[in-house]
Amino acid sequence: MMIQALAFYLFAAVTLASAVMVISARNPVHSVLFLILAFFNAAGLFVLMGAEFLAMILVVVYVGAVAVLFLFVVMMLDINFVALREGFLQYLPVGGLIGLILLVELVLVVAAWSVAPDASALARVPIPPPDQVDNTRALGQVLYTKYVYLFQASGLVLLVAMVGAIVLTLRQREGVRRQSIARQVARRREEGVELKDMPSGSGV
């Protein structure tokens, strides 16, 4: 228990510090790297809670796809972050209001937990003991039996969203020479080779 408590406080402290650095770092590349660090430590917290499937999904999806993609986008695009930060003060009241609402909600959650700590036990669903079925197998049994149609529908929605994003970002620019395999294969020798009769001594 002592080792688990130390691991929990270590992962939680690094996650909070990384989250603060994500919003306070001036370099966007550093922000993405701190975000990846926060994801890894959050995955460690999920492992400590026994939710190894959520930890794996967090690392594979968010670290392996979302965060790395965002990092490449930030590094490849020439974004003027100084110009983006010029209108920061005009959004400060809206951001402060949203932060205040989130703070009130967190206070209500903590207050409800401290006033009635046994209230959450009323809404718990009985689960089999850990030695009978693990977390990943239980989720698989639920997803592919009871919610199989909803699971397939969500996959189709993501496929349509991916195709739509590709279509929206596909641009035809004029003046760009593109390779045409059919024209290259169908080209005759007379179109690609031209013989010149140069007189002797005239040079090239």
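All of the numbers you see were taken from the coordinates with simple rules; none came from a lab. Note that the coordinates shown come from a computational prediction; the quantities given were computed from them, not determined experimentally. FYI the Cβ positions are ideal-geometry reconstructions off the backbone, even for glycines, and counts take in every protein chain you see.
Miscellaneous remarks
- Peptides 18-29, 150-161, 188-199, ordered by how many other C-beta atoms sit within 10 Å of their residues on average, highest first, read 18-29, 150-161, 188-199.
- Estimated FRET transfer efficiency (GLN184, LEU150; beta-carbon r; R0 41 Å; 0.05): 0.25
- Annotation: extensible slack from LEU159 through ARG137 equals 5.4 nm (criterion: 0.36 nm per residue apart, minus Cα-Cα distance).
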